[in-house]
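First up is the structure itself, then whatever we jot down about it.
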Amino acid sequence: MLTATYPDTSLFIDGKWIPGPSSDPVLNPATGEEIGRVAHAGRAELDAALEAASRAFAKWSRVTAHERYKLLRKAGELLRERHEEIARIMTMEQGKPVAEARVETLAAADIIDWLAEEGRRQYGRLIPARAEGVQQIVHREPVGVVAAFTPWNFPINQAVRKCSAAIAAGCTIILKGPEETPASCAALVKCYEDAGIPAGVVNLVYGTPSEISEYLIPHPVIKKVTFTGSTPVGKKLAALAGEHMKRVTMELGGHAPAVVFEDADLDHAIKMLAGAKFRNAGQVCVSPTRFLVHENVYERFVDGFTEAVKQVKVGNGLDESVRMGPLANSRRVDAMEALTADALQKGASLRTGGGRIGNTGYFFQPTVLTEVPLSARIMNEEPFGPVVPISSFSSRDGLFDEANRLPWGLAAYAYTRSGQLADEFGRRVESGMVSINHHGLAFPETPFGGIKDSGFGSEGGIEAMDAYVNTKFVTQLNV
Ligand code: NAD
């Protein structure tokens, strides 16, 4: 078993790490024990962050794109250098296997690099004018001070996308990080600080989420709101932002169909889906969550998949041989118990798993359910955990009706050897992202975001910068 020392987490405001007026315990989900504390901000700390971010914006927005790029690249290098220690801290507070925590931390460094580069490419344009002597110019300018809210499932990944795009664009940011997994997020912010990004550009606070969002979003200093989390909270925050005409990016939940067509390479589909489904114990917004399998290969798929699931080793994520750690908090274990009990009570069959593991920590068995009726809650609510409902389909139209039935549209997956079917799936499924025969989402250079109740805006690709810039049109007649 690997070891690590878990640090307490302070607030970072105007370039200084400071305590808050109160603090809360941080628990290790593998043991349920307190491992440290996280400072909570009060109104005075939020005011200080607003003041610092506002003051810093006046200067940072005028720093050249090239200089911003250099500082960000340095932050990415620091994150790479520190990734082993940060990964262990993340596993202690969040539970995921340390190999996944390493991947998340190193991938975050790649995201910083990508957004740093994109910051240098915020080209404006010249539009040919209708009259002689007129110059028509389009500028892309930083939006201003950003309020960002990030959750506990990917403590670094969710924060790095928002912070790095804001910094690269010339914005400043107040990040409300995840209270349950605060230290790895703070370690990211320390990389920005140590890279030389000036005081006030990035500010990190923790506290009571609703109090912070209700204060920051309407505040006149804040010009842009970005949130990752559940759809109900996202709708509340988007409504508040709308009342105050603030720009928003919303990266919300999903309930991704994972379709296995009759002609799929079944062994490949089983291997890929068993790997993807239990990553981060299923607490992933793009997790494959509704398995829809053609009736002619249904039994073979269910048998093979169930066998693969039985091999998933569950335990403390600091043990390198563990494939799935605990759930991140006790709420998720309660949710898994309730969703499983509801499905079984409505007639589903349990193929493996189905219950909590032990009395220590927040462990739940990798679980497979079949014959789950559409009325079961798990067919209608994002599971966000290691429970898989598998259903069969027979007709193409019926499949697309089911795949598109729910209000979300974040990710969708399909397995088929047919190019024509793959093409049809890509066009007909209502989803911001579609991955066929593999799980190839969330690279820095590819768009990342949903449609419908999954939110709007993109946090990847060249599109990621759009959220942090205003378009300004200047027309000038030379006299
Ligand atoms: P939740 O809905 O209470 O919180 C979700 C996130 O929103 C948390 O990070 C929380 O701190 C934040 N939040 C809650 N109320 C807020 C407010 N008023 N203002 C600002 N932030 C607020 O539920 P939870 O138990 O933490 O998570 C459960 C559900 O959240 C999951 O089922 C999943 O659907 C969703 N979730 C989605 C993602 C994602 O990556 N899209 C990440 C984490 C959680």
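The numbers here are math on the coordinates, done by the rules we state, and not lab data. Keep in mind that what you see is a predicted model, and the values were worked out from it rather than measured. As a convention, Cβ positions derive from the backbone with ideal geometry for all residues, glycine included, and neighbour counts pool all protein chains shown.
Values computed for the structure shown
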quantity	calculated
Residue exposure sequence - ILE390, ILE127 - by fewest surrounding Cβ within 10 Å	ILE127, ILE390
Tilt relative to the chain, helix 266-277 - C-alpha long axis, 0 to 90 degrees, to 10	50 degrees
DSSP bridge pairs, the chain: antiparallel proportion in percent, nearest 5	45 percent
Sorted by Cβ neighbour density within 10 Å, fewest at the top, the residues LEU327, LEU350, LEU477, LEU50	LEU477, LEU350, LEU50, LEU327
Under 16 Å from LYS16, Cα to Cα: aspartates and glutamates that are on another chain or at least 8 residues apart	ASP8, GLU45, ASP47, GLU51, GLU193, ASP194
DSSP-defined beta bridges in the stretch 1-149 - what % are antiparallel, rounded to 5	90 percent
Most to least packed among 131-144, 452-465 [average Cβ atoms within 10 Å]	452-465, 131-144
Point-charge dipole on Cβ atoms (K/R +1, D/E -1) for the chain, about Cα centre, debye to 20	1100 debye
For PHE364, residues with placed amide H under 5 Å, excluding near neighbours	LEU327, ILE357
GLU81/LYS313 FRET efficiency (R0 25 Å; Cβ-Cβ; nearest 0.05)	0.25
Sequence of TYR413, TYR123, TYR215 once ranked by neighbouring C-beta atoms within 10 Å, starting from the fewest	TYR123, TYR215, TYR413
Positive-end residue, the stretch 326-479 charge dipole about Cα centroid, Cβ charges, pick of HIS438, ALA338, GLY461	ALA338
Förster radius 25 Å - calculated FRET efficiency between GLU33 and VAL103, Cβ distance, rounded to 0.05	0.45
DSSP beta bridges in the stretch 291-412 [antiparallel fraction, %, rounded to 5]	35 percent
Flagged links, alpha-carbon separation over 25 Å, of LYS176/LYS236; LYS74/LYS162; LYS346/LYS452; LYS176/LYS235; LYS96/LYS271	LYS346/LYS452
Angle between the chain longest axis and helix 43-60 axis [Cα atoms, degrees, rounded to 10]	60 degrees
Tilt relative to the chain, helix 419-428 - C-alpha long axis, 0 to 90 degrees, to 10	60 degrees
Distance from the stretch 39-76 to the stretch 190-253 (C-alpha centre basis), Å	14 Å
Protection proxy ranking of 396-406, 35-45 - average other beta-carbon atoms within 10 Å, highest first	35-45, 396-406
